[in-house]
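The values are calculated or read from the model by the stated rules, or taken from the named source; none is laboratory data. The structure presented is a predicted model; accordingly, all values stated were derived computationally and were not measured. Cβ: placed from backbone, ideal geometry, glycine included. Neighbour counts: every protein chain shown. Quick note on the areas: whole protein, heavy atoms, side chains included, nothing else; ligands and nucleic acids left out. Shrake-Rupley method; radii C 1.70, N 1.55, O 1.52, S 1.80 Å.
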Amino acid sequence: SQTIHQWPATLVQPVGSPLSLECTVEGTSNPNLYWYRQAAGRGLQLLFYSVGIGQISSEVPQNLSASRPQDRQFILSSKKLLLSDSGFYLCAWSRVRGALSYEQYFGPGTRLTVT
Amino acid sequence: KNEVEQSPQNLTAQEGEFITINCSYSVGISALHWLQQHPGGGIVSLFMLSSGKKKHGRLIATINIQEKHSSLHITASHPRDSAVYICAAAVGGSQGNLIFGKGTKLSVKP
């Protein structure tokens with residue numbers, strides 16, 4: 001069976017500090033991977049998606065970046081955090097087959113508070 | 001106007017009531033997802049559908065492609081159903097990009 005892990009679960013960081021959130025998927029190969037953010041009182045927003053190693057698409061311009069160094073590893077980073085980066089960050093994966101849409105499976109999330 | 005609209009925003013029900021949450025979208029989609037977010041933040045995928053109706057236990061999801069509308073129904077609601085229910089439109093083909101509604105916060109009272 002497939003599982004998706006995220007860490008850390010919670011994080012409190014000062015403004016201007018760097019960020020690294022990690023997501024790994026087990027039990028599947030060549031998944032699509034996604035980073036979402038849910039800011040307080042707002043809906044989920046797609047930040048990045050990846051269809052393969054080293055392939056990253058950005059949906060929203062911001063001071064965040066993403067990398068996919070391995071097939072089942074997805075990393076969200078920032079060099080200098082802003083207060084507005086606070087939120088709940090979710091990683092998700094889905095299968096890929098042609099142009100069909102597949103169910104997405106979400107990780108447990110990381111709650112980030114920038115102080 | 002948001003591309004995915006949900007209603008109501010908040011919903012309070014008594015245990016046992018039949019619940020309906022609505023979702024309308026204005027974009028072309030390959031599928032529509034219904035997600036459940038628990039108070040701790042974890043998200044579970046309930047349904048993904050592109051036509052007709054799906055049923056899982058007490059949950060039923062329907063979609064009308066012509067009217068660009070989907071509904072999530074909960075029969076015999078229970079306090080453990082209390083959560084935020086999120087509708088998401090899948091666009092972008094194999095990329096699987098989702099556009100999310102703002103969610104419906106459901107509270108079921110015993």
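What is the residue count in segment B:56-110 for residues that are among the small types (G, A, S) and surrounded by fewer than 16 Cβ atoms within 10 Å (Cβ to Cβ)?
Adding up the residues that qualify gives 4.
Could you tell me whether any residue of segment A:42-52 is away from chain B (no Cβ under 14 Å) and either more than 24 Å from A:V12 (Cβ to Cβ) or open to solvent by 10 Å² or more (accessible area, probe 1.4 Å) (or both)?
In the first step, residues of segment A:42-52 are kept if they are away from chain B (no Cβ under 14 Å); the result is none.
For segment A:42-52, residues away from chain B (no Cβ under 14 Å) and either more than 24 Å from A:V12 (Cβ to Cβ) or open to solvent by 10 Å² or more (accessible area, probe 1.4 Å) (or both): absent.
Report those strands (runs of 3 or more DSSP E) wholly inside segment B:7-72 carrying at least 2 residues which are more than 11 Å from chain A (Cβ to nearest Cβ) and in contact (Cβ under 8 Å) with a residue 60 or more places away in the chain.
It comes to B:10-14, B:19-25.
Mind telling me which of the residues A:S84, A:S29, A:S67 ends up being assigned to a helix (DSSP H, G or I) and either within 9 Å of another protein chain (Cβ to nearest Cβ) or among the hydroxyl-bearing types (S, T, Y) (or both)?
The conditions single out A:S84.
For segment A:89-105, which positions are open to solvent by 10 Å² or more (accessible area, probe 1.4 Å) and either hydroxyl-bearing (S, T, Y) or closer than 17 Å to A:R42 by Cβ (or both)?
The answer is A:S101, A:Y102, A:Y105.
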